[in-house]
Amino acid sequence: MFNSILNNIFGLFLYTFLSRELWTFSICWIIYACHARKSGGIIREIISWSFWRFIARMFLSAYFAHYLYIMLSHVSQKDLPQFQMWWQIHIFTSDIIMTYFFSILFYILIEAPTKEFVNYLTKNDDEESELKSTIVKTFD
């Protein structure tokens, strides 16, 4: 009896102690195997879809916009919130909709222009010189 309880406690301890670290390590290994080792097969194909870039940018923008929206909408309330199911569903859906609305605005007005500006500043002049040398060789 005592051994089964001890095993359950030890197993629970291991699961609690290692679950997040092992999950993080497994995700990191998938990314490393697909990117650095150029292996992964179908998983690499799925991760390489350009659709994921859009989703990642929207989630990053939502991460930045969500805290600001919550602070502006919920902290400035004068009345205590009502804890009724339909009211909570209403608040949750409006929070999600407004957060993604602000995240799209954040991406369009801040993130995309900043990304283009950084790309413009770090543009490689070797590509232009290589193109010019190719044109010159063509006409020589």
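Computed from the coordinates by the stated procedures, all read-outs in this text should not be read as laboratory data. Everything quoted here is computed from the prediction, not taken from an experiment. Note that each Cβ is placed from the backbone with ideal geometry, even for glycine, and that neighbours are counted across all protein chains shown.
Below, the figures for the structure above:
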quantity: Residues I46 and Q77, FRET efficiency given R0 of 35 Å [Cβ-Cβ distance, rounded to 0.05]; calculated: 0.25
quantity: ³J(HN,Hα), Karplus 6.51/-1.76/1.60, whole Hz, each residue of region 67-77, x for Gly, Pro; calculated: 4, 4, 5, 4, 5, 6, 8, 9, 6, 7, 5
quantity: Linear extension gain, F92 paired with T16, 0.36 nm per residue minus alpha-carbon span; calculated: 24.4 nm
quantity: Likely footprinting exposure, C34, C28, fewest C-beta neighbours within 10 Å first; calculated: C28, C34
